[in-house]
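Following: one structure in structure tokens, then a few remarks.
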Amino acid sequence: PQQQDPLEPFRAPAAALALLDRFLRLPPAPGQPPKKFMVIINHAETIVPASDSAQMSPEDRTAMVMVSGWGHDRDIAATGRIVFLTTPSLTDIHAQVRSPSNKYEAYQLKLPDAGERLAFIESIPTSIREKFEWRMTTQELAYATASLSRTHLLDLVRRAGLDGYLDRAMVNERRKQITLQEYEGVMEARDPRFGWEAIGGLDHIKSFLNQVAQRMRAGKTRLVPAGIMFLGPAGTGKSAVAEAFAKECGVNFAQIYLGQLLGKYVGDSESNLERLLQALEALAPVVVFADELDQQMRRSEGGDNSVERNMFGRLLAFMADPGNHGRILWLGASNRPDLMDAALMRPGRFDVSLVFPPPAAEERRAIMHIFAKQQGLDVDQIPDEAVTATEGWTGAELANAMRKAALLVDADNMPPATAVIEATRRILAKTKDIDWMLKLALETANDTDLIPERLLPLMANRDALRREVRAGIEEREREFAPRSL
């Protein structure tokens, strides 16, 4: 007959933990000191997950109490025996187990920085690295793999062995896949696709950001803001400027979606946030961009939202951490700064506000020329009629007009210059509340040196500006107030 596995009765978690408990409490042999050993529980979050204790099964509660007890048990400590729990994120472990009273010491192993990634890549045996063609240096690979773990690096090398080569395009594609899998839509890390050449107008903003970029490259971190807030109507180029600025700085670029942090289960949200913050530290130096910040990041009120309030506080503390100053530069964007929590705009978080106005005439000409080139339109000079017809338009609306012009050339064989004029006549600008959102941005701005000269007259009477903005806020509150049937 087949011999029975002696460990079979202890395969179930409850039985295995009970056996470990007996093992940890083994008394020493007479006249002998207690034997020292370590117990290592990998993926401890599967044994003591961060769930609501009231909803745990009796077996899970027993496991949680037993594992918690090992941490502060004096008899176990006296024997010199140690229990190690490993987990991808500390917040994945039940709060009772990680409570300071249970005496478990938390050690966070961070993602490798550029130097550590380089050392790991160069430690891979030559016999493995020689199996494929290197189309980038090890230093370039170390820089291009920011936010990846050592396991991910080894995976890249193995894939290169199968493909026969390793190049930047392969690394970027794999990093994109890993980022989507690891951060589940919370963060997108990518190489910036364009610089200032893709941005028309906004000279006052580009000039200031160039100074910030120079100081970052020179290591003058004390002169670099902790964060910069982009304010202004929708469609005025805030997202594009964020990416172009990262390109000009020569650093990593990450766009984050804070609204995706909240998970379905207890502990998921905190775990998502901690993994995001670890990734940002690994990406440093990095420009981090959060769009529509008024919608994505608010401090919840009420007794049922303690998780959201705790997450908000954790994020604020991370943003203000002096150790990240000059390494992690935060860019936020909003067209409704009145809806943002005041704590975000305090010094040490978003120190500087930049106003993005609708483009003036010559700025519209420059913007349309850039978008016309992107659409393949052969137009040396944007006609004056098109510039005049687009007074008050945003950059997004100008881009839409140039797409329409390209369609007119393709469908009707219209001359490009004529198509540009005709497109500006046919396209209807739909962006709402541009004038009011601009005044809201001006009222929120905190440095008149960063305001375009043409907008300063709007700020001459600050009291009148504030009253107009307040009236607009009240009008929108009435418009969206619930109505009874």
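Observations
- Neighbour-limited loop hits for trypsin sites (Lys or Arg not before Pro), the range 33-95 (at most 15 other Cβ within 10 Å; DSSP other than H, G, I, E, B): LYS35, LYS36
- Size descriptor for the range 38-138, Kirkwood hydrodynamic radius: 16.6 Å (Cα pairs only, one decimal).
- Its relative contact order, with pairs defined as Cα atoms under 8 Å and 6+ residues apart, puts the range 330-401 at 33 percent.
- Coil-residue trypsin sites (Lys or Arg not before Pro) of the range 419-485, DSSP, other Cβ within 10 Å capped at 11: LYS430, LYS432, ARG483
- Free of any chymotrypsin sites (Phe, Trp or Tyr not before Pro) that DSSP assigns to a loop and that have at most 15 other C-beta atoms within 10 Å, the longest stretch within the chain is 266-479.
- Cα-based radius of gyration for the range 336-485, normalised by 2.2 N^0.38 Å, reads 1.30.
- The rule of thumb for compact globular proteins, 2.2 N^0.38 Å, goes into the C-alpha radius of gyration of the range 397-473 1.62 times.
- The candidate values are (1) 27.5; (2) 21.4; (3) 36.6; the one derived from this structure for mean projected area of the Cα convex hull in nm² carries the label (3).
- Where a label projected 7 Å from the Cα of GLU197 along Cα→Cβ would reach, residues of the range 355-375 with amide N under 18 Å: 366-375
- Mean separation of Cα contacts under 8 Å, 6 or more apart, over the residue count of the range 376-480: relative contact order %: 23
- Between GLN374 and ARG476, the modelled label-to-label distance comes to 2.5 nm, taking each label 7 Å out from Cα in the direction of the beta carbon.
- Check: the chain dipole with +1 on Lys, Arg Cβ and -1 on Asp, Glu Cβ, in debye: 1180
- Estimated from helical segments only, the mean residue ellipticity of the chain at 222 nm is -14000 deg cm²/dmol, where each DSSP H run of four or more residues counts as -39500 (n - 2.57).
- Taking GluC sites (Glu not before Pro) as exposed when their DSSP state is a loop state and no more than 16 other Cβ atoms lie within 10 Å, the longest site-free interval of the chain runs over 185-300.
- Estimated dipole of the range 123-188 in Debye, rounded to 20 [Cβ of Lys and Arg +1, of Asp and Glu -1, Cα centre]: 160
- Out-of-range pairs (alpha-carbon distance over 32 Å; input LYS373/LYS432; LYS220/LYS373; LYS131/LYS373): LYS220/LYS373; LYS131/LYS373
- Computed FRET value (nearest 0.05) for ASP5 with ASP75, which takes r as the C-beta separation and R₀ as 25 Å: 0.20
- Cross-link table LYS36/LYS103; LYS247/LYS430; LYS35/LYS103, entries beyond 29 Å C-alpha to C-alpha: LYS247/LYS430
- Paramagnetic reach from ALA360 in the range 177-207 [backbone N under 11 Å; point 7 Å along Cα→Cβ]: 202-204
- When the range 423-471 is described by a simple charge dipole with +1 on each Lys and Arg Cβ and -1 on each Asp and Glu Cβ, the residue from LEU428, LEU458, LEU440 located farthest towards its positive end is LEU428.
- ³J(HN,Hα) computed for each position of the range 330-336 - Karplus, 6.51 cos²θ - 1.76 cosθ + 1.60, integer Hz, glycine/proline x: 8, 10, x, 9, 7, 9, 9
- Relative contact order of the chain, taken over Cα pairs closer than 8 Å and 6 or more residues apart, is 13 percent.
None of the figures in this text is laboratory data; all of them are computed from the coordinates on show. These numbers come from a predicted model, not from an experiment. So basically every Cβ, Gly included, is an ideal-geometry build from the backbone, and we count neighbours across all protein chains shown.
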